[in-house]
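Nothing in this text is a laboratory measurement; each read-out follows from the coordinates by a stated rule. The model shown is predicted, which means the values in this text are computed figures rather than measured ones. Glycine gets a Cβ as well: all are built from the backbone with ideal geometry, and neighbour counts include every protein chain shown.
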Amino acid sequence: MSQNRPPKKPLPQPEDHPTTTTSTASSGGGGTGMRLIVPLQGIVQGRGGLILGSLIPCALFYFLQFYPKRRRPPSPNPTTTSSSSDLARSASRLNLSTRGSIHVSARGNTIAKPEDSTYYIGLSKVRGDEYDSLENPDGFIQLGLAENRLSLDLIGKWISENLNDSMFGEGNDGLNINGMATYQPFDGLKELKEAIAGFMSRVMGKTQLFDPNQMVLTSGATSALEILCFCLADQGNGLLVPTPYYPGFDRDMRWRTGVELVPVHCRSSDNFMLSVPALDQAYNQARKRGQKIRGVLISNPSNPVGNMLSKDTLYSLVDFAREKNIHIICDEVFAGSTYGNEEFVSMAEVLDSEDFDKDRVHIIYGLSKDLSLPGFRVGVIYSFNENVLAASRKLTRFSSISVPTQRLLIPMIKDERFTQEYISVNRERIRKTHALFVEGLEKMGIECAESKAGLYCWVNMSRLISPYNEKGELELFEKLLDIGKINATPGSACHCIEPGWFRCCFTTLTEADIPVVMERIRKVVDTCNPFCSKHLA
Amino acid sequence: MMKGLNKQEQLLSRIATNDGHGENSPYFDGWKAYDSDPFHPTNNQTGVIQMGLAENKLCFDLIQEWVTNHPTASICTPEGANDFRDIAIFQDYHGLKEFRQAVARFMEKVRGDKISFDPDRIVMSGGATGAHESLAFCLADPGDVFLVPTPYYPGFDRDLRWRTGVQLLPVVCESSNDFRLTREALETAFEEAQAANIRVKGLLLNNPSNPLGTVMSRETLLEAVDFINEKNIHLICDEIYAATVFSQPGFISIAEIVSENPKCNLDLIHIVYSLSKDLGFPGFRVGIIYSYNDAVVSCARKMSSFGLVSTQTQHLIASMLSDDIFVEKFLAESSDRLAKRHEIFTRGLSQVGIGSLKSSAGLYCWMDLRRMLKEATFEGEMELWRMIIHEVKLNVSPGSSFHCSEPGWFRVCFANMDDETVKIALRRIRNFVLQSKAGSAKKLCRRRSNLEVSLSFRRLDEIMMGNMMSPHSPMSSPLVQARN
């Protein structure tokens, strides 16, 4: 991990600079500052001897400008390599011609820049030309969005069988306009909280594990995470995050909050499983740098790998947090999307059974993954800390769930029989699709990490890349897009320390689609370095 | 446990523990009183009547009727279930195309079809609250300032400042010229900021105004546009009450002004809108940012991930607002009902000598209670306000919470209740005024001559007698008659 090597960049214009990592206040002088700094970078790297008199002030200036940046891991964004310019960027291309709008804030400019994470580039490439087995068989196959389309028919069926009255019926249950259109508590209707608490318990295979009074509902898990971030950390503070992690965290957790994500690298030798000693080491290193760590952010089941933390690890995690006096944010959005034989253990379960210091643990949930309703925007903050709940409640003023949607969901989620059936059928379908997908890859000699949950697999394509580094990985990413017309998320977007891993989401595929996907991947495999393909079956 | 509490608080961020949420302002105190003792026409007739919430319930029957007749719109009916799959899965932050088109069209209609809006510039947000916050994030950095004419909606303090670190600088408007915004006031505020070495990033206008209920004249708008162009700062126009205009002078949108003035720098112009007031849908959480600046649209759109409107709601709104016949009928009817309600209310007030600022829009009126203050200070205003909350049992909002420069003004909302409740509210106000006049008259005795005192009483009697016969007057209520 190259903390000493500054991120590689050609002498660019500021807008090409992969600075989604720019923190807000510290690099306020972005534009002109960078023009001055970048040439100095070469000098400081010692490529030429210079009179000390000029070297020291330059180095000092550089140090002050760049120290916050150098602390970060190498930029995950491979856009600096020449081939990236081949990727069409659609409308965002327009922004390249100007130096960011002078009317937009510095914060705004870092956001408004063209997307430089391959995660977002891939997503936008697919838009507008998406594969459809009948209408558009040559379109892009989307394997980069963790969306579950396998069980929507069940929900559609429930609606057609259960919702007989107009939404604004005259009846009871507040289903009239008054209960729908007027101001309601911003942190969610009580009945919906109760329904979701019950649903979450069912998903985790327990009864009454969750207390609706500890819940705050938000418009999507995205805003739930941001709200928690605003509550638990100040600008410039850090959160430890095991890698590889969901690329969206970079934007959602850091963007407006100014909080930094400190990666804790996990390796394939451990199946990318989190270890507390690694967290400890990262924490200490951060302390040495003078960075204040406020918490650990984990996703369990993990995204993008799909493994689950054991009860013991969860216990150790809580111990670690208590020892360092920091928070734990546990993103459990995929809790219901398990397909292995192992049971998922929620953080809530761990805390339930022991007399732990619960004030530092916060769980994120949502209906986008487990219930396939990303459009409805339903997220949950579940916390044992009253102060956090109180602050979050106030913040839901900005991110509240639309009331008619809440009203629609209440009877659906309360329906125990339906949700139980949905959960088990959905799991079975995920398991089946996963098995087919993995099998298809294995036939080509491509292995996946062992995973037990999630809507994706973590695919090892390292033997297909050459050279064995980020550049090679990016080239494969582009080949998959250009030749295979497949969007898969490269590991570098997820900050994976080992190159060559890709996240492939398979839950948008029908059984018939899988052979098509495999065929396309084979096309790409065939174009890879013959040396590489020799290793394949 | 004190140690435990401090330790707890230390675990949280500054944002979580500061007062940025603004809920400690008196604006919300009245709500707390209401929450603990809410008025109900049958169950709790002595409860506090909520007149501090600008909600529009006057046309719910029209909405209910439309939805009942269009079951596919809400997709949560058997007929609508076919659309369900695609809608439930859709999470693109551009929003459904139909939704953006319908909203653009609606905004055009509200403005009399005088200008056109481009659906691709429409960005969603979590209510107008979210829209303001997102714009603040996009346009300003921590420490920057927005100018805001006073009096202004207290929520701005939270929406524009809390998480963004941006500050608000008041531009003082005075009752002497009906609180109109003047160039002098703008320049004064701007110079103040410059002297303090603070960077001004924009001007925030609320037109029609909350809490005043007035619309900005063409001259004022042109003046504002001229000002922001000269200083090269942004103009955020919150037009959330655009369709609550019920009489002349009519509403002129900033969109109209900029379309007529090609010299205006469009990159500086942004509109905030919402369906919460015009349609009465605050629960839907539909906030809209409309910007003429491409970079801002791009930036705000990405930010909308934090406050996307549920696709189910988008679908419903798209259907409803594309129904041209319904929309036209609704806008006309809504305007009509608001006019009537406004008339009843302000007349009821003037009958007891309470004036209010002449207004042609909004769901409230700006009441002038200066003569009822014991002392012309903000403490006096607070004292009067507490009396109104606890004795008269009306939740009205004191002018100080709107940062009004002069004490004695109160905002009172009247569109969130039925006719009966309005009558009750007016009755309570009447009684309160009479009682306090009786009370103050006693004090006046010591200072003024008897003649004057009896005159003031007589005038009051005349007013009351004169209205005795009016069928609309609550005076005809047996209760009041009995007392007299």
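Given the Cα atoms of segment A:351-471, and with Rh set as the inverse mean 1/r over their pairs in the Kirkwood sense, what is Rg to Rh to two decimals? List each step's numbers first, then the result.
Working: Rg = 20.2 Å, Rh = 18.5 Å.
Computed over Cα atoms, the ratio is 1.09.
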Next item on the list: Diagonalise the Cα gyration tensor of segment A:180-290 and give the resulting equivalent ellipsoid semi-axes, square root of 5 times each eigenvalue, largest first, whole Å.
Entry: 32, 20, 12
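Could you give the length gained by full extension between A:Asn178 and A:Asp211, i.e. 0.36 nm per residue of separation minus their alpha carbon distance, to one decimal place?
On the way: separation 33, 0.36 × 33 = 11.88 nm, distance 2.73 nm.
Here the answer is 9.1 nm.
What's the exposure ranking of B:Ile388, A:Ile423, going from fewest to most Cβ atoms within 10 Å?
Values: B:Ile388 24, A:Ile423 20.
Ordered by Cβ neighbours within 10 Å, fewest first: A:Ile423, B:Ile388.
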Note to self: Run the reach check for A:Lys523 against aspartates and glutamates, Cα to Cα strictly under 16 Å, same-chain hits fewer than 8 apart removed. What comes back?
What the structure shows: A:Asp138, A:Glu442, A:Glu475, A:Glu478, A:Asp482, A:Asp513
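How much FRET efficiency would the formula 1/(1 + (r/R0)^6) give for A:Asn325 and B:Asp418, where r is the Cβ-Cβ distance and R0 is 45 Å, rounded to 0.05? Walk me through the numbers on the way to the answer.
On the way: r = 55 Å, r/R0 = 1.21.
Computed FRET efficiency for A:Asn325 and B:Asp418: 0.25.
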Checklist line | segment B:316-361: C-alpha gyration tensor shape, a/c 1.5 cut-off, then a/b vs b/c | finding: prolate
Note to self: Could you tell me the calculated FRET efficiency between B:Ala376 and B:Lys114, based on Cβ-Cβ distance and R0 = 41 angstrom, to the nearest 0.05?
What the structure shows: 0.45
Note to self: Suppose we keep just the alpha-carbon trace of segment A:295-381; what are its Rg and Dmax in angstrom?
What the structure shows: 13.2, 40
Margin query: Restricting to bridges with both residues inside chain B, how much of the DSSP beta-bridge set is antiparallel, in percent to the nearest 5?
Written below: 50 percent
Checklist line | Residue order, fewest to most beta carbons within 10 Å, for A:Trp458, B:Trp385 | finding: B:Trp385, A:Trp458
Note to self: Cα atoms only: what Rg and Dmax, in Å, come out for chain B?
What the structure shows: 24.0, 80
Margin query: If each DSSP helix of 4+ residues adds -39,500 (n - 2.57) and the sum is divided by the residues in chain B, what number results at 222 nm, nearest 500 deg cm²/dmol?
Written below: -14500 deg cm²/dmol
Note to self: Would segment B:264-393 count as rounded, prolate or oblate if I go by the C-alpha gyration tensor, calling it rounded below 1.5 in a/c and otherwise prolate when a/b exceeds b/c, oblate otherwise?
What the structure shows: prolate
Check: Using Cα pairs under 8 angstrom and six or more residues apart, how large is the relative contact order of segment B:239-348, in percent?
Finding: 27 percent
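Kindly put B:Phe281, B:Phe378 in sequence by how many other C-beta atoms sit within 10 Å of each C-beta, fewest to most. Numbers along the way, then the final one.
Values: B:Phe281 27, B:Phe378 17.
If I rank by nearby Cβ atoms, fewest first, I get B:Phe378, B:Phe281.
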Next item on the list: Within 10 Å, count the other beta carbons around each residue, average over each peptide in B:245-258, A:399-412, and list them highest first.
Entry: A:399-412, B:245-258
Next item on the list: Collect residues whose amide H, placed 1.01 Å from N in the peptide plane, falls under 5 Å from the amide H of A:His265; neighbours closer than 5 in sequence don't count.
Entry: A:Thr243
Note to self: Between A:His265 and B:Ser405, how high is the FRET efficiency from 1/(1 + (r/R0)^6) when r is the Cβ-Cβ distance and R₀ = 56 Å? Nearest 0.05.
What the structure shows: 0.45
Next item on the list: Once you've got the Cα coordinates, tell me which of A:Lys190/B:Lys329; A:Lys190/B:Lys277; B:Lys114/B:Lys201; A:Lys311/A:Lys369; B:Lys277/B:Lys423; A:Lys190/A:Lys432 are over 32 Å apart.
Entry: A:Lys190/B:Lys329; A:Lys190/A:Lys432
Next item on the list: Enumerate the lysines that B:Lys437 could reach by cross-link, defined here as Cα to Cα under 17 Å, with residues fewer than 8 away along the same chain left out.
Entry: B:Lys374
